Amino acid sequence: MANPLPIKIAILDDYQSIALREADWSPLAARAEITVFTDHLADVGEVAQRLKPFDVVCAMRERTPFSRELIENLPNLKLIASTGSANASIDLEAAAERSVEVRHTGYSSTPTIEFTWALILAMARNIAGENESLRSGGWQISLGTELAGKTLGLLGLGRVGSAVGVIGRAFRMNVIAWSQNLTPERAQEKGVQLVDKATLFSTSDFLSIHVRLSERTHHLVGPAELGQMKPTSRLINTSRGPIVDEAALIEALKTGQLAGAALDVYDTEPLAADHPYRTLPNVLATPHIGYVSQELYRTFYGDTVQNIVQWLDERQNAGNV
């Protein structure tokens, strides 16, 4: 029997051009043609046109959504190999209807936990501003804020939120938390004080968001919640952009209702070139890099290779290739 033709694999949104470097793709060398895309396309029609020839698409988290419209316009698609343990931007029903398999990889919250504290510390001591001053020939321009004795508010006390709270206690902060499902038992187990929603927003000096995006949490932080916060308070979001009402946050930052915000996630990504977050002086903005670590990328792409090899083996054994 003749050897089957190589399958076509697309690796999407490889912003740093590292996908092929962070894993051993050699098990696929004789079985696949791999194309790497380092840019991002937002238009569904353009994405569909680009991906039509491919049998397998490797998706990096939710960077490129796989909606029903997109899936139905990819006649050759057979496998979506997505990084992470889940991907809410894939229409699983549409994929199943067209016999498109979806496979996931391992995941670790460690990079996001650590990065949340990088943002908190950078805001407290105005590290970005001081660095910019020094690079432009200046010297000290601001007064930092000590964390000890301040209140760290956690909107969500899951895997990430609870670990952020442990570090907060190490800094001798008063750690409080609230979410829609948080119980007194869970809060006590994690060494955190459970408070009501109003108290969380009105007393937190640093409020860090750690809930999943869903219909219930969409715009969970809106004008009313931001209006309860102190003018000296700072908001940190390393979860998902739409949890916060973007227009309300921009207004609060412009008017001084909040001292500042550190943001790694946005309603639309990549962030538009003219977006106010790029220029507001009291915003520390980063390009969704909370999970972007060498160790996690090795897990992502290493598991992706294994997933594709296993899928190919299963198809070959079933006589589908």
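No value in this document is a laboratory result; all are computed from the given coordinates. Remember, it's a predicted structure, so these values are computed and weren't measured experimentally. Cβ sites come from the backbone with ideal geometry, for glycine too, and all protein chains shown count toward neighbours.
Is region 1-81 rounded, prolate or oblate when judged by the Cα gyration tensor, a ≥ b ≥ c being the square roots of its eigenvalues, rounded requiring a/c under 1.5 and prolate requiring a/b larger than b/c? Oblate.
Taking the fewest neighbouring Cβ atoms within 10 Å as the starting point, the ordered list for 249, 226, 194 is 194, 226, 249. Per residue, the chain reaches -9500 deg cm²/dmol at 222 nm when only DSSP H runs of four or more residues are counted, each adding -39500 (n - 2.57). Remark: region 132-203 carries a charge dipole of roughly 100 debye about the Cα centre, counting +1 on each Lys and Arg Cβ and -1 on each Asp and Glu Cβ. Between the alpha-carbon centres of region 5-54 and region 106-162 there is a gap of 35 Å.
Full extension of the chain between residue 42 and residue 93 gives 16.2 nm of extra length, using 0.36 nm per residue less the Cα-Cα distance. Kindly provide log₁₀ I(q)/I(0) values, in the same order as q = 0.06, 0.08, 0.12 Å⁻¹, from the Debye equation applied to equal alpha-carbon scatterers of the chain. Evaluating at q = 0.06, 0.08, 0.12 Å⁻¹ gives log10 I(q)/I(0) of -0.25, -0.44, -0.89. Each label point was placed 7 Å from the Cα along the Cα-to-Cβ direction; for residue 114 and residue 26 their separation is 2.8 nm. Cross-link partners for residue 150 among the lysines, with Cα-Cα distance under 23 Å and sequence neighbours closer than 8 places in the same chain left out: 190, 197, 230.
Once you charge only the Cβ atoms, +1 for Lys and Arg and -1 for Asp and Glu, what is the size of the charge dipole of the chain about its Cα centre, to the nearest 20 debye? The dipole magnitude comes to about 720 debye. Positive end of the dipole of the chain (Cβ unit charges, origin at the Cα centre): among 104, 305, 188, the Cα lying farthest that way belongs to 188.
Rounded to the nearest 20 debye, the dipole magnitude of region 110-285 is 440 debye, with +1 charges on Lys and Arg beta carbons, -1 on Asp and Glu beta carbons, and the Cα centre as origin.
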